[in-house]
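Visitor: Provided herewith is a single structure, encoded as structure tokens, for subsequent inquiry.
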Amino acid sequence: MTGYLALAKIKMTLNKYTEAGLLLQGILQSSAYAFQSDITKVFQKTGTHILWQLKPKNTNDATKEATLYNFVGAPTSFTASPNLVSQFTTGDLRKQQYVTAVPFQTQTNYKISKYRNLGVNNATEYSIVFRLEEVYFLYAEVLIAQGQVAAAIPYINKTRQRAGLTALPLNLTADAALSELRAEKRKELFAEQGIRFFDLKRWGLLDQLVTVKPNWKSFHAQWPLPNKELLLNPKLNPQNQGY
């Protein structure tokens with residue numbers, strides 16, 4: 001099923017929504033997976049909502065994510081941006097479960113705390129690559145693209161209601177539903193496998209990153225072609241814009 005999800009994401013990048021929808025339906029109809037309704041257990045390795053996860057190199061090691069995002073006092077790594085944290089409305093349980101406020105001098109930074117087990121005592125967490133929530137969001141996007149907005153809303157509501165928020169009404173317009181989906185997906189899947197970046201790229205919205213990445217330039221949407229490869233094969237020219 002992991003192959004189905006990976007292929008569905010490629011199909012959606014190519015605007016082949018019908019084909020993507022069939023692949024996603026195959027996952028949703030599988031008895032192997034079930035939505036995790038307890039937000040405190042989303043990142044526990046035993047969840048049946050997990051399609052693919054990676055075990056730490058050594059037994060009971062912390063996940064890479066737990067180590068990477070952890071800090072005490074001054075940030076030593078990446079933090080959740082104030083822009084992201086501000087998106088969590090009152091009562092959204094993800095602000096409690098997915099980020100942690102860390103005071104330092106006169107400011108408060110937020111560390112990403114989806115994975116919580118540190119050191120060598122991790123018996124409950126693996127690094128999740130694919131989980132069912134992403135399938136729900138992608139399938140909702142397919143349905144909206146096909147004009148089936150009312151059918152899409154329940155898939156968006158699953159994570160909202162788990163987070164303690166009220167359900168969206170079924171009578172939203174397509175534009176409103178898509179806006180809600182994008183906002184909800186950002187709050188649910190941030191700092192997971194670059195999902196946000198590839199979503200913005202697929203939606204043609206990468207330039208929104210300038211609000212949180214001051215050095216962002218539009219040409220960063222593509223990486224430069226390696227000079228070594230250009231020398232070996234001049235037909236790869238021209239170099240991508242901006243490099």
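Visitor: When you scan segment 181-198, do you find a residue that is over 28 Å from residue 153 (Cβ atoms), open to solvent by less than 60 Å² (accessible area, probe 1.4 Å) and in a helix (DSSP H, G or I), even just one?
Guide: no
Visitor: What's the total number of residues in segment 202-229 that are surrounded by 15 or more Cβ atoms within 10 Å (Cβ to Cβ) and of a type in the set (D, E, K, R)?
Guide: Selection size over segment 202-229: 1.
Visitor: Just checking, how many residues over segment 78-93 are free of Cβ contacts under 8 Å to residues at least 40 places away in the same chain and within 11 Å of residue 191 (Cβ to Cβ)?
Guide: Here the count works out to 1.
Visitor: Would it be correct to say that residue 177 is within 23 Å of residue 95 (Cα to Cα), open to solvent by less than 40 Å² (accessible area, probe 1.4 Å), out of contact with any Lys or Arg (no Cβ under 9 Å at 6 or more places or on another chain) and not basic (Lys, Arg)?
Guide: In short, yes.
Visitor: Quick one: count up the residues across segment 230-243 that are open to solvent by less than 60 Å² (accessible area, probe 1.4 Å), outside any helix (DSSP H, G or I) and either in contact with a Pro (Cβ under 6 Å, 6 or more places away or on another chain) or on the phi < 0 side of the Ramachandran plot (or both).
Guide: 2
The values are calculated or read from the model by the stated rules, or taken from the named source; none is laboratory data. Every value quoted in this text rests on a predicted model; they were computed, and no experiment measured them. Positions of Cβ are generated from backbone atoms using ideal geometry, with glycine treated the same way; all protein chains shown enter the neighbour counts. The protein model used for the area step is the full one, side chains on, heavy atoms only, and it has no ligands, DNA or RNA in it. Shrake-Rupley method; radii C 1.70, N 1.55, O 1.52, S 1.80 Å.
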